[in-house]
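Contents: one structure, followed by commentary.
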Amino acid sequence: MKPITRGTLAAVVTGIAAAVGATATPAAAVPVPVPLGGAETALGMELPEVAGELPVPVPGAPDGPRYVAGRLLPDRTLPQLPVDGGLPGADVRQPLPRVLGDQFDHAALDAPATEVRTLAPGLSLDAPLSAPDPDGFGLPTTRLPEAAVLTPLVQTVPAADLGVGPGL
């Protein structure tokens, strides 16, 4: 195998591995406990248990410009940048004293971290000249310039669970 062929094959395999690795990284959430044990001891009462999750945003690869026949500039001059992350999560348990007896019930709120998919705004421009016209001796014709703002996008499905139960 020639060195040029081996180099080309290595570049293609490296590019494919980088593309697969870039799409396979999920957004991660970091658990954050809230220590309230010292406050419980100091106040002499039972406090709620609180924990949270903070998402780590992961930028993705932008969708590159698309060339369209008849235009001098590509369709997406400034491409949109995708950023995957998440909404922060929370887990709160509050003890509720029973009216009768020494046992406790609890009220709980569980809102897990959820995925968020976003796209930054982009820009699409077109020049005030057309492509070369063969009927006009190869000269471009003038026309009005075009500009469009690609709208940002936010997609998520938040969820939460609120309940009351026995024990803490």
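The values are calculated or read from the model by the stated rules, or taken from the named source; none is laboratory data. Note that this is a predicted model, so its numbers are computed, not measured. Here the Cβ is made from the backbone with ideal geometry for all residues, glycine too, and neighbour counts use every protein chain on show.
Structural remarks
- Scanning region 112-142 for residues that are loosely packed, with under 13 Cβ neighbours inside 10 Å and either over 25 Å from residue 70 (Cα atoms) or among the acidic types (Asp, Glu) (or both) turns up 133, 135.
- Some residue of region 143-153 being under 19 Å from residue 67 (Cα atoms), free of Cβ contacts under 8 Å to residues at least 24 places away in the same chain and surrounded by 12 or more Cβ atoms within 10 Å (Cβ to Cβ): yes
- In the set (1) modelled with pLDDT of 80 or more; (2) within 34 Å of the chain's Cα centre (by Cα); (3) acidic (Asp, Glu), the condition left unmet by residue 63 is number (1).
- Tallying residues that are at pLDDT 80 or above, assigned to a strand (DSSP E or B) and not aliphatic (A, V, I, L, M) within region 87-115 yields 7.
- Here the condition is being modelled with pLDDT of 75 or more, farther than 30 Å from residue 141 by Cβ and part of a strand (DSSP E or B); of 52, 38, it holds for 52 alone.
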